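**Q** Submitted below is the structure of interest, expressed as structure tokens.
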């Protein structure tokens, strides 16, 4: 995304938005297209092999085009942050329409999340794997297997919308401060979300918190995090899944 200088991109935005110039639009699509590959790669890393990465890029491209068409540069927001949300939304919408996740897996995810919410309400803290397994009448290994299955399917990710039923919902990347933001109400909402997310992450057990921080804020891969923690990548997947389900409970609960 560095083939053009910032001033050249600003000219493309001005030309497209002022005159609906299709050449400028195509220039913007080309310039920001690496965003689609980045998002598709991030989402696709845990999906079944039956899901073609090229299809994810295709779905995401529609999201990028939609973002370019609807973006309002004069509002002062950073386009990349806005576009990532729309690209992910387009990919996830298409995946949901294909119903690629078995119903049994969706039901299992809801059961785990509901059990976590019940425990956290009674304990007033994040439940351990041992406590969650006992609550669900499972062995710890069986629980870990289920968490690993959810993660392998790419079903649980904090980069997905915090509220999966609302495509306009925030993602974790939306909480990153944008110094160019001009809308006071929007800035306040982002600041509040950022505070709630930081507070929720800080309440996680130390290892869960480290996995979330390294993955989403430091950009390490799950394999790299495994090296840091001296555990297998599959174990990191299990920890990540449990942490994300816990965080989602905090955001979705009334």
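**Q** Give the residue that is farthest from residue 235 (Cα to Cα), with candidates limited to residues of segment 56-79 that are surrounded by fewer than 16 Cβ atoms within 10 Å (Cβ to Cβ) and at pLDDT below 90. Even if it seems obvious, please write down each step before you answer.
**A** If we filter segment 56-79 for residues that are surrounded by fewer than 16 Cβ atoms within 10 Å (Cβ to Cβ), which is where we start, we get 58, 66, 69-70, 72-76, 78.
Now restrict to residues that are at pLDDT below 90: 72-76, 78.
Working: 72: 42, 73: 43, 74: 45, 75: 43, 76: 41, 78: 35 Å.
Ranking the candidates gives 74 first.
**Q** Additional query: Name the one entry in 186, 148, 154, 180 that is at positive phi and either out of contact with any strand residue (DSSP E or B) (no Cβ under 8 Å at 6 or more places or on another chain) or modelled with pLDDT under 80 (or both).
**A** Numbers: 186 fails: at positive phi; 148 fails: at positive phi; 180 fails: at positive phi.
On inspection, the qualifying residue turns out to be 154.
**Q** Check off (1) farther than 30 Å from residue 199 by Cα; (2) not in a helix (DSSP H, G or I) for residue 127 and give me the number that stays unchecked.
**A** Going through (1) farther than 30 Å from residue 199 by Cα; (2) not in a helix (DSSP H, G or I) one by one, residue 127 breaks only (1).
The values are calculated or read from the model by the stated rules, or taken from the named source; none is laboratory data. All values reported here derive from a predicted model rather than from experimental measurement. Positions of Cβ are generated from backbone atoms using ideal geometry, with glycine treated the same way; all protein chains shown enter the neighbour counts.
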